[in-house]
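*Asks:* Quick one: the structure is below, and I'll ask about it shortly.
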Amino acid sequence: MKFVTTALASTFLVASLATAHAEPAQPDVAKLVSPELIKQIQEFISAEIVTVSVEAQNARLTELSQEKIDELDNQWKAEREATDKPLIAATLSNPLSVYLARIQGKSLGLYPEIFVMDQNGLNVGQSSITSDFWQGDEAKFQKTYDVSEDAIFIDEAEWDDDMKIWRNQVSLTLVDSAKKKIGAVTVELNLTELERRALAGS
């Protein structure tokens, strides 16, 4: 009897641990990423600092070959592991990155990451270090800038096992005052926090 009791206790413990580490149900992205939330994102990315910064980089990097784009992307990736980080440091310290970092901070955990891309799909500014510098080969750019001036791409939810949260990304085409497309923006959402706020009515 003692053996059976111990075995049952062990089984219960294992089951409890499994439940504790199991990911919660996937949130309803279509419901959470509402028109109101998209409007909030559009409001802060329509700031002059965003447009001016993207237009300046577009003018500076007008005609880039794929070889040069790859060179910059590889430099970024190498700098992530290096002590000296000139490209990363210059990007993270520019006025646009400072602005995006402020927006991220004011969101109180809702926006884990925000980054803005130019017409080439290269980062112009970002709230934190991204894994790469060129986004032009990814859906966040190809399904926004490459589609239309008003394109919006809402990616699928992914479980972040390190942070224990559900995340997804919302990407939009960036336009200038004449409604001409100049780049794109990606805002990563903490869906777990977004759902909590929705349930709390805030």
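*Asks:* Is at least one residue of the stretch 64-73 over 20 Å from the mean Cα position of the chain (by Cα), open to solvent by less than 40 Å² (accessible area, probe 1.4 Å) and modelled with pLDDT under 95?
*Replies:* No, every residue in the stretch 64-73 fails to be over 20 Å from the mean Cα position of the chain (by Cα), open to solvent by less than 40 Å² (accessible area, probe 1.4 Å) and modelled with pLDDT under 95.
*Asks:* What residue, among those in the stretch 18-50 that are among the charged types (D, E, K, R) and assigned to a helix (DSSP H, G or I), is most open to solvent (accessible area, probe 1.4 Å)?
*Replies:* Checking each candidate, the answer is Lys31.
*Asks:* Taking helices (runs of 4 or more DSSP H) that fall entirely within the stretch 69-164, which contain at least 3 residues that are within 26 Å of Leu37 (Cα to Cα) and touching a Gly at 6+ places or on another chain (Cβ under 6 Å)?
*Replies:* Here the list reads 95-106.
*Asks:* Of the residues Leu194, Leu174, Leu189, which is of a type outside the set (Gly, Ala, Ser) and assigned to a helix (DSSP H, G or I)?
*Replies:* Answer to the check: Leu194.
*Asks:* Here's another thing I want to ask about it. Does Ile165 count as under 21 Å from Val98 (Cβ atoms) and open to solvent by 10 Å² or more (accessible area, probe 1.4 Å)?
*Replies:* So Ile165 does not fit the description; no.
*Asks:* Out of (1) buried (at least 18 other Cβ atoms within 10 Å of the Cβ); (2) closer than 19 Å to Glu55 by Cα; (3) in contact with a Leu (Cβ under 9 Å, 6 or more places away or on another chain); (4) of a type outside the set (A, V, I, L, M), the odd one out for Asn190 is which?
*Replies:* Unmet condition: (2).
*Asks:* Ok, one more. Would you call Lys77 modelled with pLDDT of 95 or more, open to solvent by 60 Å² or more (accessible area, probe 1.4 Å) and within 30 Å of Arg196 (Cα to Cα)?
*Replies:* Criteria not met by Lys77.
*Asks:* Condition first: open to solvent by less than 70 Å² (accessible area, probe 1.4 Å), modelled with pLDDT of 95 or more, in contact with a helix residue (DSSP H, G or I) (Cβ under 6 Å, 6 or more places away or on another chain) and β-branched (Val, Ile, Thr). Can you find one or more residues in the stretch 142-162 that meet it?
*Replies:* No; the residues of the stretch 142-162 include none that is open to solvent by less than 70 Å² (accessible area, probe 1.4 Å), modelled with pLDDT of 95 or more, in contact with a helix residue (DSSP H, G or I) (Cβ under 6 Å, 6 or more places away or on another chain) and β-branched (Val, Ile, Thr).
*Asks:* Something else about it: Show the residue pairs that are 6+ apart or on different chains and have beta-carbon atoms under 8 Å apart, the first residue being within the stretch 72-93 and within 15 Å of Phe115 (Cα to Cα), the second being open to solvent by 60 Å² or more (accessible area, probe 1.4 Å) and among the basic types (Lys, Arg).
*Replies:* Every condition considered, the pairs that remain are Ile88/Arg80.
*Asks:* Here are Ser107, Ser97, Ser53: which of them is farther than 28 Å from Leu191 by Cα, buried (at least 18 other Cβ atoms within 10 Å of the Cβ), under 21 Å from the mean Cα position of the chain (by Cα) and not hydrophobic (A, V, I, L, M, F, W, C)?
*Replies:* Ser53
The values are calculated or read from the model by the stated rules, or taken from the named source; none is laboratory data. These numbers come from a predicted model, not from an experiment. Don't worry about glycine lacking a Cβ; one is built from the backbone with ideal geometry, like all the others, and counts go over all protein chains shown. What goes into the accessible areas is simple: the full protein's heavy atoms, side chains included, and nothing from ligands, DNA or RNA. Shrake-Rupley method; radii C 1.70, N 1.55, O 1.52, S 1.80 Å.
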